[in-house]
1. If Asp22 satisfies all but one of (1) open to solvent by 60 Å² or more (accessible area, probe 1.4 Å); (2) over 26 Å from the mean Cα position of the chain (by Cα); (3) at pLDDT below 85; (4) farther than 22 Å from Arg226 by Cα, what's the number of the condition it fails?
2. Count, please, the residues in region 61-82 that happen to be over 17 Å from Ala13 (Cα atoms) and either in contact with a Lys or Arg (Cβ under 8 Å, 6 or more places away or on another chain) or of a type outside the set (A, V, I, L, M, F, W, C) (or both).
3. When you check Ala43 against the structure, is it open to solvent by less than 40 Å² (accessible area, probe 1.4 Å), in contact with a His (Cβ under 7 Å, 6 or more places away or on another chain) and at pLDDT 85 or above, yes or no?
4. Would you point out which residue out of Ala162, Ala176 is under 16 Å from His237 (Cβ atoms) and either open to solvent by 30 Å² or more (accessible area, probe 1.4 Å) or touching a residue at least 40 places away in the same chain (Cβ under 8 Å) (or both)?
5. Looking at Ser81 and the list (1) in contact with a helix residue (DSSP H, G or I) (Cβ under 9 Å, 6 or more places away or on another chain); (2) among the polar types (S, T, N, Q); (3) free of Cβ contacts under 8 Å to residues at least 40 places away in the same chain, which single condition is not satisfied?
Amino acid sequence: MNKHGHLAEFLQARRSQLRPGDVGLQTYGERRRVPGLRREELAMLAGISAPYYARLEQGQSRNASREVLDAIASALRLDESERAHLHDLARAPKRRRAAARPRAERITPATSALLAAIEGTPAVVLGRRSDVLAWNRQGHALFAGHLDRDSPNTPARRPNMARLVFLDAHTRELYADWPAKARAVVGNLRLTAGRYPDDPLLTGLIGELTMRSPEFATMWADHRVRICDAADFEMRHPLVGALTVTQQTLQSPQGNGPSLVVATATPGSPSAEALALLAHGTAPPEAARPRRDAESRTA
């Protein structure tokens, strides 16, 4: 983060990505030092004074009202999730006391029961920093079959999906359109960072990825935010080959608890057959014993 803070960074980045033509401004062929909108142009579109907007973008003022923030969001052409992110950033105090180290996240018995209930469908439970808190057998096989299935049971050994996407060769090869998956991960992390600006573990994760992955650093600098609620991804799985799945993320209404990521495919499609093959191929040997025993008793 620069000396002006996350809000200032966000405003600067999003203003620089807007062109005069995007908002109906005529330039009449004038030479511009920067391709994006000028501060005074953005202020004019938002209906606020240029000096006041400049103070916001320089981190010298953080007391913008909801009405002003909504006006700036409209001028920047922000969507719903981006608008909410802007409000989150504006609410974050400029200075905070050092936060205590967060407790390890855990899943509730109800979530464990839900995972068991959807056995047969790949599912993963992620914490707010994208740590894998739990997964069912199919979720492990689809997303990270090369890792120890029991690793989520120990907080210090838990896989982190953001790290896997950017730093793990297996996961990178798993997605045919890896940049699309990577942008979704970064966009979701941006939203989380806005909600939890003083989370030291989240800050550490972002710092690590910035240092170790040039792609992450570039995408992070764009300040794009995205709610990962549902998206289709083509995957190239080492066991069942190519398949396209819809990854749906289910969260609590408050958005402050673990999320459940479920992968499904169109019924009757080759991708659905691939998921069924993956489930069958990774089933424990004892799963077939009750059926064989029943058949022997009726023979």
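1. Condition not satisfied by Asp22: (4).
2. So the answer is 8.
3. Values: open to solvent by less than 40 Å² (accessible area, probe 1.4 Å): yes; in contact with a His (Cβ under 7 Å, 6 or more places away or on another chain): no; at pLDDT 85 or above: yes.
Answer is no for this residue.
4. On the way: Ala162 fails: under 16 Å from His237 (Cβ atoms).
Being under 16 Å from His237 (Cβ atoms) and either open to solvent by 30 Å² or more (accessible area, probe 1.4 Å) or touching a residue at least 40 places away in the same chain (Cβ under 8 Å) (or both) holds for just one of Ala162, Ala176, which is Ala176.
5. That leaves (3) as the condition not met.
The values are calculated or read from the model by the stated rules, or taken from the named source; none is laboratory data. Note that the structure is predicted; figures quoted are calculated from it, not measured. Neighbour counts run over all protein chains shown; Cβ positions are idealised from the backbone, glycine included. Calculation scope for accessible area: heavy atoms of the full protein, side chains included, ligands and nucleic acids excluded. Shrake-Rupley method; radii C 1.70, N 1.55, O 1.52, S 1.80 Å.
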